Amino acid sequence: MSFQVVRPPVGVAPLLKAEGVSLEYGATRATHDVSFDVYRGDRFVLLGPSGCGKSSLLKAAAGFIKPSAGRISIDGKTVEGPGADRIVVFQEFDQLPPWKTVKENVVFPLLMTKRLNKQEAEQRALHWIAKVGLGGFENAHPHTLSGGMKQRVAIARALAMQPEVLLMDEPFAALDALTRRNMQEELGRLWEELRFTLLFVTHSIEEALVIGNRILLLSPHPGQVRAELNSHQFGLHSAGSEEFQAAAQRIHGLLFGAEPSRDGAPAAAAPDSDRSAAL
Ligand SMILES: Nc1ncnc2c1ncn2[C@@H]1O[C@H](COP(=O)(O)OP(=O)(O)OP(=O)(O)O)[C@@H](O)[C@H]1O
Ligand SMILES: [Mg+2]
């Protein structure tokens, strides 16, 4: 099997661009000189072991933390702080205010933007609640919902905002295997319908292959780009296939194996133009 070479679409500017991004927490350098481009409609995955700076990069894209070097931009504008064009779905089930119902949880940020009145916000909320399969649970409170249902609310809340980029940090990691699979499928279906731009963080190779059309592999301490590859040929339908397993093994080798060889596999320090060579 082989991955296809990652080539940027000709004449299209990236929607989200990370250029030489280094992130630091005091003396800890979380990432070093990380660059990547996310194009409109991409399902772009940041994949790497614990501590490689995936969450930090997502937080920087969200505008919660500032790079110590480099920059992140959306549509050419430097990200200076949080904004309604970038909404984050986290792993934690407690990201929903517990005193608000499902509908109130989705309505609240819509009203905050001041772009919709109450009736419009409610209509939009109901639409998205139905889209994620939670019709009938509008008036339920989060503590009465399963983990998967809570994550659906968080997804509905995010998509209702119609962000330029949906940012997801291991949103399914705390779910049981079956629910996790369902949610991956559901996200795929939503993407097929809406073609939103997704920046998705995971440490699961299989999840990266299932969700992503492009995957950035990061190595830890500090997080650095190890390789970038195309994965649009994979999906849940191919999860058990030989090709899928071979791809997963190849990624595993790139992430955890010895320094990649020069014969086709991208080296950790390869320049940008090279790092997306066929694997
Ligand atoms: N708030 C913080 N204060 C200090 N150091 C931090 C903070 N957040 C992250 N770090 C450090 O930055 C590095 C990257 O952390 P980050 O959480 O971004 O990694 P990650 O790839 O998301 O890991 P995981 O897969 O475990 O979620 C780690 O060394 C971590 O200890
Ligand atoms: Mg993380």
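We did not get these values from a lab; they are worked out from the coordinates using the rules stated. Everything numeric in this text was worked out from a predicted model, so none of it was measured. No Cβ is skipped: glycine too gets one built from the backbone with ideal geometry, and neighbour counts run over all protein chains shown.
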Rounded, prolate or oblate: pick one for region 65-121, where a ≥ b ≥ c are the square roots of the eigenvalues of its C-alpha gyration tensor, a/c under 1.5 means rounded, and failing that, prolate if a/b is larger than b/c, else oblate.
-> oblate
Roughly speaking, what is the stretch gain from residue 221 to residue 111, that is 0.36 nm per residue apart minus the C-alpha to C-alpha distance, in nm to one decimal?
-> 35.5 nm
Whole-percent pair-distance distribution, where bins are 5 Å wide, for the alpha carbons of the chain | 1, 6, 12, 17, 18, 16, 13, 9, 5, 2, 1, 0, 0
Let me have the 222 nm mean residue ellipticity of the chain computed from DSSP H runs of 4+ only, each contributing -39500 (n - 2.57), with the sum over all residues rounded to the nearest 500.
-> -10000 deg cm²/dmol
Stretch gain in nm, segment residue 144-residue 241, where the contour uses 0.36 nm per residue and the Cα spacing is subtracted = 31.1 nm
Please give the contour-minus-distance gain from residue 69 to residue 50: 0.36 nm per residue of separation, less the Cα-Cα distance, rounded to one decimal in nm.
-> 4.6 nm
Region 28-146: C-alpha gyration tensor shape, a/c 1.5 cut-off, then a/b vs b/c = prolate
Using Cα-only point scatterers and the Debye equation, what is log10 of I(q)/I(0) for region 143-247 at each q in 0.15, 0.24 Å⁻¹, rounded to two decimals?
-> -0.68, -1.48
Given a cut-off of 29 Å, name the pairs among 77/114; 54/77; 77/103 whose C-alpha atoms lie farther apart than that in the structure shown.
-> 77/103
Around residue 24, which amide H atoms from residues at least 5 apart in sequence, or from another chain, sit under 5 Å from its own amide H, with H modelled in the peptide plane?
-> 30, 68
For the residue pair residue 123 and residue 29, what label-to-label distance in nm results when each label sits 7 Å from Cα along the Cα-to-beta-carbon direction?
-> 5.3
Please state, as a whole number in µm²/s, the translational diffusion coefficient that the Stokes-Einstein equation yields for region 34-74 at 25 °C and 0.890 mPa s, with Rh defined as the Kirkwood radius across alpha carbon pairs.
-> 217
Roughly what would the spin-label model give for residue 189 and residue 12, points 7 Å off Cα along C-beta, in nm?
-> 2.6
Quickly work out the residue 173-to-residue 92 label distance, labels modelled 7 Å from Cα along the C-beta direction, and quote it in nm with one decimal.
-> 1.3
